[in-house]
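Student: If you scroll down you'll find the structure; I have some questions about it.
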Amino acid sequence: MKNYLLATVPILLGIGAVALTKTERSNMEKAAIRQGYIFNHSTNQWDRSVMCGTDGTICTVNGLPAGQQVFGTDGPEIDHPETANVELYRLD
């Protein structure tokens, strides 16, 4: 009986470690860092702004809820995209 318990404990610890690693990797993938853009009305184009994430509180230029909202793109991160319509979230 004692040998059975000694063999079971390392197996259970291994299973627990795998589950925690998988959860942490999933959380890191959710919170990807993305380039944020704001619309510049004087030039009629999207300009680079602050870096934002993909999970959490809405991302704004100054980090305050009343600040100008920052958006991301579906395509590559360039200086002046044609559109920026992906809602981004503040990095914590």
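Rule-based calculations on the coordinates, nothing more; no lab input. Quick caveat: nothing in here was measured; it's all calculated off a predicted structure.
Student: Amide H of G36 versus every other amide H placed in the peptide plane: which residues, excluding those fewer than 5 positions away on the same chain, fall under 5 Å?
Tutor: S49, V50, M51, C52
Student: List the residues, sorted by chain then number, that are 5 or more residues from I58 or on another chain and whose placed amide H is less than 5 Å from its amide H.
Tutor: R90
Student: Indicate the gyration tensor shape class of the range 34-89 (rounded, prolate or oblate), computed on the Cα atoms with a ≥ b ≥ c the square roots of the eigenvalues: a/c under 1.5 is rounded; otherwise a/b larger than b/c is prolate and the rest oblate.
Tutor: Oblate.
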